[in-house]
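The values are calculated or read from the model by the stated rules, or taken from the named source; none is laboratory data. In this text, all values refer to a predicted model and were calculated from it rather than measured experimentally. Quick reminder, even Gly has a Cβ in these numbers, built from the backbone with ideal geometry, and neighbours come from all protein chains shown.
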Amino acid sequence: MTTLQPPIFPRMPRGRRDQRRYTERPKSDGLLGRAVVQSFVKLDPRLTVRNPVMFVVWCGTLVTLAATVEPRLFELSPEAPGRGFNALLSLILLATLLFANFAEALAEGRGKAQADALRRTQASTQARRLLPDGSESLVDSSALRRGDQVRVSQGEMVPADGEVVDGVAAVDESAITGESAPVLKEAGSDVASSVTGGTRVVSDELLIRITADPGKGFIDRMIALVEGAERTKTPNEIALTVLLAVLTQVFLIAVATLPPVAAYIGSPTPVVVLVALLVALIPTTIGGLLSAIGIAGMDRVAQFNVIATSGRAVEACGDITTLVLDKTGTITLGNRLAEEFLPVGGHSERELATTAHAASWFDNTPEGKSIVRLAEKLDAVTTLPMDTATGLEFSARTRMSGTDLADGNELRKGAVEAIKGFVRSRGGTVPADLDGAYERVSRLGGTPLAVCLNAEIHGVIYLKDIIKPGMRERFDQLRRMGIRSVMLTGDNAITAGVIAREAGVDDFIAEATPEDKIAVIQAEQRLGRLVAMTGDGTNDAPALAQANVGVAMNSGTQAAKEAANMVDLDSDPTKLIDIVTIGKQLLITRGALTTFSIANDVAKYFAILPALFGKAGLAPLNLMGLASPQSAILSAMVFNALIIPALVPLALKGVAFRPATADQLLRRNLLVYGLGGLVVPFIGIKLIDLAVSALRLV
Amino acid sequence: MASSSGLLSKPLFWLPLVLALGTALAAPLFGSSPSPLQTTALALLLTGTVVLSGYLFVVIFQPERF
């Protein structure tokens, strides 16, 4: 929504992000203990079957356990490994499964703890429901249905999500946002009429129309999401699952067809060793961490006080190539303030200030109030009979607001072109020096508002726009990540150009209407780009739905929140940039760990293949000088198991992210995680082999 | 499309049947084994590997179900 007097974001947090108080972080007491218990619960094959790589490990464990019970169950050769070796191998494979389950359980546990924190805000409460005859009846909040009207007074809890239909009150939303400052809620406002169940009215009284049935409210949806109840695989996860399943299938067929070949070359291979070879070959590291990475991505977004409707939305953030941003509230501070009066047409500054004062009499926006204050500062208070006057609200269509006096006089202020049209429609003329004043304000990056009394233009008000600190650096970062930024504003082209240059955005659309937002998104999508945008008003809803990532402000309307695929509890439009960064980090983490997982298989080949086929001439491949074939196999398996918990912190926290292009990130990934994945296992397996030999385990 | 719970519950019924049938069919391949237990175990291992491979094909072609 880009209008001349754009929406204010009343919940916009102030101060440095790291110093803001966010939603109470869920307590992590007992998280590790619960994750350990869940690791065993997840050994249930009905759960393991969802992860193809780990299910193959599960089946392999079953085979080695059977061979532990009866070592000669599968073996014809007298040289088959004994019960001790089989037992050790079984334990290591079991540990591999438990470590993978632990990673997933830990990630899920963090989400569940967050859901519990949210659930505590859902205490059942009594509500005063309005009956058709105007009387009130006291009902439990769970009995309320969509469309019911309830009255909520000072000190009472809002019983369910709804829209304010009457009244003005301060509401404490700290239960869901963590921000302690109450928020003003009022009927009819596009950005402040939505209330959330579980918040508390701290002053006055509201009449609320319920918009959600029990169990379908905003907090219910948040709980379901952070608990993972509605978690479905993202397109990227599906693609990776197919890749991992194909690799597993190829290695399963290769290993299953190995015994005849091995027998032919005179190196018969015991079944348990074949199992070890299969587990070493398949990508167990990424297979074990894949779901943990996805859950952790959702969790990181939630920790940022943003609720995503699906993992798909978080992942889409990582692929975003275009950001469509409103100027006001996102790039500039929400409140533009009147800085100067520029009279035209022979009028004095005082005369203009007095007219502007009267034209802003009914304007309660921060801009309107700042005009009144500036006029009062110049001692230019109107003497017109305002008690009988009526106010004219601003609209995106007329692009002006004003005051109609009882005697028929009309005072207007608004976009210069709109005021010119108004004056001409009443037979007036446009002063020659108006365009000069307009250009002067525009070139300063300010917003010019023309002021007229009936058919006579008195001058221009200079509304000063202040660019938020650090915006240029943020847009530079986005550019380095290959993301294009487009600023939308209702301002004229000169003002928009100045702000765009100062802020460092790549492109801008001036004098934009709400429809332009959808047009810009569609145009970018036609070029194959993925678009993210923020919005809060009802007229933003179609654009939020059209965008690949739509982030609605929590202070916004229900329609905006339902159309978007993310809701920012802090209602901070700038956070879109952070969300994109989290999405990128999620994809990079998954890519980095996949690279590492596939690369670290190489060292395992060098450990197991010489152990299997040493007699057939592959002994020189024992580059690590491992002590014996059995210790080589055990060392590779131990490394394979230990690398999963070693990488859990990285999977949950995400790899360090530096703004860079996709090519640069790929090169860095290959260097750090590809090369690291090649080198680290050689060192790790050798060290484990030394320990296995020293402990005389085999 | 069957729900994932349907997919998971059905194998509990037919998986033992498939394994038993496969084991019976594959047992003659391992007739030279020193004991009937080993013959059965190797036949079951072969059948299990084929079933596991079939499961991986299902994952490859219907990944969203897992």
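The condition (being at pLDDT below 90, surrounded by fewer than 21 Cβ atoms within 10 Å (Cβ to Cβ) and not aliphatic (A, V, I, L, M)) is satisfied by just one residue among A:Gly111, A:Gly15: A:Gly15. Out of all the residues in segment A:274-302, which are among the aliphatic types (A, V, I, L, M) and either in contact with a Lys or Arg (Cβ under 6 Å, 6 or more places away or on another chain) or within 14 Å of another protein chain (Cβ to nearest Cβ) (or both)? Those that are among the aliphatic types (A, V, I, L, M) and either in contact with a Lys or Arg (Cβ under 6 Å, 6 or more places away or on another chain) or within 14 Å of another protein chain (Cβ to nearest Cβ) (or both): A:Leu274, A:Val275, A:Leu277, A:Leu278, A:Val279, A:Ala280, A:Leu281, A:Ile282, A:Leu290, A:Ile293. Screening A:Lys575 with (1) charged (D, E, K, R); (2) over 30 Å from A:Arg667 (Cβ atoms); (3) in contact with a strand residue (DSSP E or B) (Cβ under 8 Å, 6 or more places away or on another chain) gives one miss only, at (2).
The set of residues in segment A:434-455 being assigned to a strand (DSSP E or B) and over 16 Å from A:Thr495 (Cβ atoms) consists of A:Val451, A:Cys452, A:Leu453.
If you go through segment A:263-277, how many residues are within 21 Å of A:Gln249 (Cβ to Cβ) and aliphatic (A, V, I, L, M)?
Qualifying residue count for the region: 6.
The residues of segment B:48-59 that are within 7 Å of another protein chain (Cβ to nearest Cβ) and closer than 16 Å to A:Met54 by Cβ, listed by number, are B:Leu52, B:Leu56, B:Val59. When A:Thr232, A:Thr257 are screened for being β-branched (Val, Ile, Thr) and either touching a Gly at 6+ places or on another chain (Cβ under 6 Å) or at pLDDT below 85 (or both), only A:Thr232 passes. Taking the criterion of being out of contact with any Asp or Glu (no Cβ under 9 Å at 6 or more places or on another chain) and either of a type in the set (S, T, N, Q) or within 12 Å of chain B (Cβ to nearest Cβ) (or both), the residues of segment A:264-273 that qualify are A:Ser267, A:Thr269.
Out of A:Val37, A:Val63, one residue alone is among the hydrophobic types (A, V, I, L, M, F, W, C), in a helix (DSSP H, G or I) and within 9 Å of chain B (Cβ to nearest Cβ). It is A:Val63.
Among residues of segment A:144-167 that are over 16 Å from A:Thr211 (Cβ atoms), those with a Cβ under 6 angstrom from a residue that is of a type in the set (S, T, N, Q) and surrounded by 17 or more Cβ atoms within 10 Å (Cβ to Cβ), sequence gap 6+ or separate chain, pair up as A:Met157/A:Thr125. Give segment B:21-47 a look and list any residue that's under 17 Å from the mean Cα position of the chain (by Cα), more than 9 Å from chain A (Cβ to nearest Cβ), under 25 Å from A:Phe251 (Cβ atoms) and not small (Gly, Ala, Ser), or say none. Answer for segment B:21-47, where residues must be under 17 Å from the mean Cα position of the chain (by Cα), more than 9 Å from chain A (Cβ to nearest Cβ), under 25 Å from A:Phe251 (Cβ atoms) and not small (Gly, Ala, Ser): B:Thr23, B:Leu29, B:Leu44, B:Thr47. The number of residues in segment A:79-94 being outside any loop (DSSP other than H, G, I, E, B) and surrounded by 19 or more Cβ atoms within 10 Å (Cβ to Cβ) comes to 7. So, in segment A:540-565, how many residues would count as being surrounded by 24 or more Cβ atoms within 10 Å (Cβ to Cβ) and among the acidic types (Asp, Glu)? Adding up the residues that qualify gives 1.
Among the residues of segment A:338-357, just one is hydrophobic (A, V, I, L, M, F, W, C) and without any contact (Cβ under 8 Å) to a residue 60 or more places away in the chain, namely A:Ala353. Take the conditions (1) in a helix (DSSP H, G or I); (2) in contact (Cβ under 8 Å) with a residue 60 or more places away in the chain; (3) small (Gly, Ala, Ser); A:Ala545 misses just one of them, which is (2). Restricting attention to segment A:416-470, the residues being on the phi > 0 side of the Ramachandran plot and either touching a residue at least 60 places away in the same chain (Cβ under 8 Å) or among the charged types (D, E, K, R) (or both) number 1.
Conditions tested, residue by residue: (1) out of contact with any Pro (no Cβ under 6 Å at 6 or more places or on another chain); (2) farther than 30 Å from A:Glu237 by Cα; (3) at pLDDT below 90; (4) part of a helix (DSSP H, G or I).
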{"position": "A:Glu315", "(1), (2), (3), (4)": "yes, no, yes, yes"}
{"position": "A:Asn335", "(1), (2), (3), (4)": "no, yes, yes, no"}
{"position": "A:Ala338", "(1), (2), (3), (4)": "yes, yes, no, no"}
{"position": "A:Leu342", "(1), (2), (3), (4)": "yes, yes, no, no"}
{"position": "A:Leu352", "(1), (2), (3), (4)": "no, yes, no, yes"}
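With respect to the conditions (1) in a loop (DSSP other than H, G, I, E, B); (2) crowded, with 23+ Cβ neighbours inside 10 Å, A:His458 lacks only one, and its number is (1). Taking the conditions (1) under 41 Å from the mean Cα position of the chain (by Cα); (2) within 13 Å of another protein chain (Cβ to nearest Cβ); (3) surrounded by 24 or more Cβ atoms within 10 Å (Cβ to Cβ) in turn, A:Ile320 satisfies each one other than (2).
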